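Student: Just dropping this structure here.
What follows draws every value from the coordinates through simple rules; no lab data is involved. None of these values were measured; they are calculated from a predicted model. All Cβ positions, glycine included, derive from the backbone under ideal geometry; neighbour counts span all protein chains shown.
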Amino acid sequence: MFVDQAVIKVRAGNGGDGCVSFRREKFEAKGGPNGGNGGDGGNVVVQAEEGLSTLYDFRHQALWPAQHGEPGGRKQCSGAAGQDLIIRLPPGTLIYNHQTGELVHDLKPGDRVVIAKGGRGGWGNEHFKRSDNQAPKEAEPGHPGEELTVRLELKLIAEVGLVGKPNAGKSTLLAALTKATPKIANYPFTTLSPQLGVAEVDGTRRIVLADIPGLIEGAADGAGLGHDFLRHIERTKQIVHLLDLQPEDGSTPAENYRVIREELAQYSEALADKPELVVLNKADLIGDEAEVLKAAKAVCRELELRLSEVLVISAAARQGLKPLLETLWKRLHPGQREAPGWKVGGAAEEEETLPQRHRDTEEEQEGKKTKAAEVKRKTSKARKRPEKKRTEKKPLKSAAAKKKVVRKTVKKKAKKAAKKATKKKARA
């Protein structure tokens with residue numbers, strides 16, 4: 001069930017009371033105060049949660065309290081702080097103070113905000129000791145937490161909003177452009193709640209669309225489903241005004257256009273001033289292209305629009321959807337160029353599409369070929385260089401040969417030592 005409004009009361013936790021206690025141990029007649037402080041109360045925190053799209057969970061629970069802080073204990077033990085209460089809301093939720101009507105916060109994706117702060121814990125009697133009061137018997141009670149009644153209003157976050165009369169084909173268009181599955185039937189007010197969908201222009205470009213229930217004349221006075229659902233397209237940057245080329249009720253597309261424009265103006269001037277794209281739907285029911293063009297020109301003549309400012313599509317037959325998405329993307333991102341993709345024809349086709357100033361001249365291409373040949377020649381020379389001959393390792397000596405070498409070394413050292421001794425005696 002889709003719920004976009006709720007009123008709840010949030011209550012932060014109270015702080016814990018301070019403790020009055022004295023140190024009592026053997027052989028310690030006057031141990032002094034050791035009462036601990038109370039713990040702080042928990043805060044009430046609202047957090048934007050991706051994937052949520054309704055306020056249904058807040059329809060049947062009026063009070064949302066956080067945990068209180070625990071009182072202080074003996075031996076200077078502080079009380080435990082109360083746990084924060086985390087309220088998860090859909091991105092795009094507006095939080096109002098219900099008494100004053102003041103906007104507390106506009107919840108955006110990734111936001112995490114404290115709306116009610118928990119009370120501070122009270123001081124224990126150990127905090128009040130001083131030279132002239134060495135045995136205080138007083139402690140501070142915990143401070144109360146904040147309490148607030150808030151009104152939650154959900155405004156869906158989308159880039160493009162679909163508006164039109166009932167049965168204009170808005171749900172069919174949303175289903176054709178995105179993977180959304182709105183209810184589609186051949187009777188008015190099939191859509192009873194706003195629907196969101198993400199349309200992929202290509203692998204790197206996406207557009208978020210919102211479909212709202214159809215509007216009829218007198219919606220501002222409560223006719224039909226009213227116009228309360230228009231809040232869900234207030235955040236959009238672009239409006240797609242969908243018109244049925246052949247309305248079943250006998251009206252004309254121009255009359256339906258004027259009715260919707262009047263309802264938008266009565267709801268909000270800011271909404272009526274948003275950029276608008278007029279799209280004529282159900283072209284497959286008219287006939288050949290000549291008749292479709294004739295009907296489109298007639299609508300443009302009545303609305304005083306140029307034919308280039310209007311798109312003709314068929315959502316059911318999936319005709320004209322790609323130009324519609326490209327037009328919406330260009331309107332949403334006017335300064336952004338189209339993202340480059342893979343070229344089907346390879347390097348030759350890519351070179352043909354390059355401007356003349358980016359193409360290499362014949363001399364530059366010849367120079368590149370000469371340089372590549374020179375590098376190849378040097379590389380082949382380096383590979384043909386003769387390798388150095390490896391010297392064979394001498395075979396290892398036997399044990400007898402090693403002993404002989406050791407004996408020679410010992411004799412040499414003995415002769416050197418004898419010479420040194422003779423020189424010393426001669427000096428003496």
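Student: Excluding GLY122 itself, calculate the net charge of residues whose Cβ lies under 11 Å from the Cβ of GLY122, where each Lys or Arg counts +1 and each Asp or Glu counts -1. Present the calculation step by step, with values, prior to reporting the outcome.
Tutor: Numbers: positive: ARG120; negative: ASP17, ASP40, GLU138, GLU140.
Residues near GLY122 contribute -3 overall.
Student: Distance check, please: which entries in LYS179/LYS297; LYS274/LYS322; LYS155/LYS322 exceed 30 angstrom between their Cα atoms?
Tutor: Among LYS179/LYS297; LYS274/LYS322; LYS155/LYS322, the Cα-Cα distance tops 30 Å for LYS179/LYS297.
Student: What fraction of the Cα pairs in the range 106-168, stated in percent, has a spacing above 19 angstrom? Intermediate results must be reported in sequence, preceding the final value.
Tutor: Working: 1291 of 1953 pairs.
The answer is 66 percent, as a whole percent.
Student: Determine ³J(HN,Hα), in whole Hz, for all residues of the range 8-20 in sequence, where each value follows from phi through the Karplus function 6.51 cos²θ - 1.76 cosθ + 1.60 and θ = phi - 60°; x replaces Gly and Pro.
Tutor: Per-residue couplings from phi come out as 9, 10, 10, 9, 6, x, 7, x, x, 6, x, 10, 9 Hz.
Student: Also: In vacuum, with every alpha carbon of the range 1-125 counted as one equal point scatterer, what does the Debye formula give for log10 I(q)/I(0) at q = 0.09, 0.14, 0.17, 0.23 Å⁻¹? Two decimals, please.
Tutor: -0.38, -0.68, -0.85, -1.19
Student: If you add up the charges near LEU209, with Lys and Arg at +1 and Asp and Glu at -1, over every other residue whose beta carbon is less than 14 angstrom from its beta carbon, what do you get? List each step's numbers first, then the result.
Tutor: Values: positive: LYS170, LYS179, ARG205, ARG206, ARG235, LYS237, ARG331; negative: GLU159, GLU200, ASP211.
Once positives and negatives cancel, what remains is +4.
Student: Another question, then. Would you mind getting me the FRET efficiency between GLU291 and ARG258? Use the beta-carbon distance for r and R0 = 22 Å, nearest 0.05. Don't jump to the answer; show the numbers that get you there.
Tutor: Working: r = 24 Å, r/R0 = 1.09.
That pair, GLU291 with ARG258, gives E of 0.35.
Student: Take peptides 300-312, 261-273, 67-79 and line them up by average Cβ neighbours within 10 Å, highest first, as a rough protection proxy. List each step's numbers first, then the result.
Tutor: Working: 300-312: 13.9, 261-273: 15.8, 67-79: 21.4.
In decreasing order of mean packing, 300-312, 261-273, 67-79 become 67-79, 261-273, 300-312.
Student: Test of the criteria: in the range 103-209, which GluC sites (Glu not before Pro) are in a DSSP loop and have at most 16 other Cβ atoms within 10 angstrom of their Cβ?
Tutor: Details: sites: GLU126, GLU138, GLU146, GLU147, GLU153, GLU159, GLU200; in loops: GLU138, GLU146, GLU159.
Qualifying residues, ordered by number: GLU138.
Student: Count neighbours as other Cβ atoms within 10 Å of each site's Cβ, and list the chymotrypsin sites (Phe, Trp or Tyr not before Pro) in the range 1-93 that are DSSP loop with at most 11 such neighbours. Write out the running numbers ahead of the final one.
Tutor: On the way: sites: PHE2, PHE22, PHE27, TYR56, PHE58; in loops: PHE2, PHE27.
When the chymotrypsin sites (Phe, Trp or Tyr not before Pro) of the range 1-93 are filtered for loop state and at most 11 Cβ neighbours within 10 Å, PHE27 remain.
Student: In the calculated pair distance distribution of the range 160-332, what percentage of Cα-Cα distances lie above 23 Å?
Tutor: Numbers: 5133 of 14878 pairs.
Percentage above 23 Å: 35.
Student: Kindly count the pairs of lysines across the range 1-127 whose alpha carbons are less than 25 Å apart, treating pairs on different chains or eight or more residues apart as eligible. List each step's numbers first, then the result.
Tutor: Numbers: LYS9/LYS108; LYS9/LYS117; LYS26/LYS75; LYS30/LYS75; LYS108/LYS117.
Total qualifying Lys-Lys pairs in the range 1-127 comes to 5.
Student: Give the lysines whose C-alpha is closer than 23 Å to that of LYS403, dropping any in the same chain fewer than 8 places away, or say none.
Tutor: LYS393, LYS394, LYS411, LYS412, LYS413, LYS415, LYS416
Student: Another one. Rounded to two decimals, what ratio of Rg to Rh does the range 229-306 give with C-alpha atoms and a Kirkwood Rh?
Tutor: Numbers: Rg = 13.8 Å, Rh = 13.6 Å.
Rg/Rh: 1.01.
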